[in-house]
Amino acid sequence: MVRTISARDATANFADVLGSISQSKETIIVEEAGEPVAVMISPEDYREQAWQRFWATVDRIQERNADTDPDEVYRDVTEVVEEVRQERHDRARAALAGGS
């Protein structure tokens, strides 16, 4: 169930709005001047939507790389990971040298 309320009502009745979300798992769209400015959902709904977005992204990546050699992908990923590790190492070393 989705309910729309004004930002003024959301502010004035914040405790009730939170209670409604936690008890009924209701989604609330907060509007200001008739335009949506926020959406409030239960933590469970948020986690579920995050997982759905994650797996949809994984599926898109797999589809785009269906014809790519897995060994090539592994080499590319390993190279990037090593670059990031080196950058972090260099930043940490520079921070230590600057703090001496």
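A compact table of results
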item	result
Per residue solvent-accessible surface (Å²) - the range 1-61, probe of 1.4 Å	74 Å²
Electrostatic dipole magnitude of the chain [Cβ: Lys, Arg +1; Asp, Glu -1; Cα centre; debye, to 20]	480 debye
Surface share of carbon and sulfur [accessible, 1.4 angstrom probe, percent] for the range 1-52	54 percent
Area projected by the alpha carbon convex hull of the chain, averaged over all directions, nm²	12.2 nm²
Dipole moment magnitude, nearest 20 debye, the range 42-100 about Cα centre, only Lys, Arg, Asp, Glu C-beta charged	460 debye
Sites D45 and D76, calculated FRET efficiency, Cβ-Cβ separation with R0 30 Å, nearest 0.05	0.25
Within the chain, percent of DSSP bridges classed antiparallel, to nearest 5	50 percent
Helix 70-99 axis, angle to the chain major axis (alpha carbon atoms, nearest 10°)	90 degrees
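The values are calculated or read from the model by the stated rules, or taken from the named source; none is laboratory data. In this text the structure is predicted, and so the values were computed from the model without any measurement. Reconstructed Cβ throughout: ideal geometry from the backbone, glycine too, with neighbour counts over all protein chains shown. Heavy atoms of the whole protein, side chains included, go into the accessibility calculation; ligands, DNA and RNA do not. Shrake-Rupley method; radii C 1.70, N 1.55, O 1.52, S 1.80 Å.
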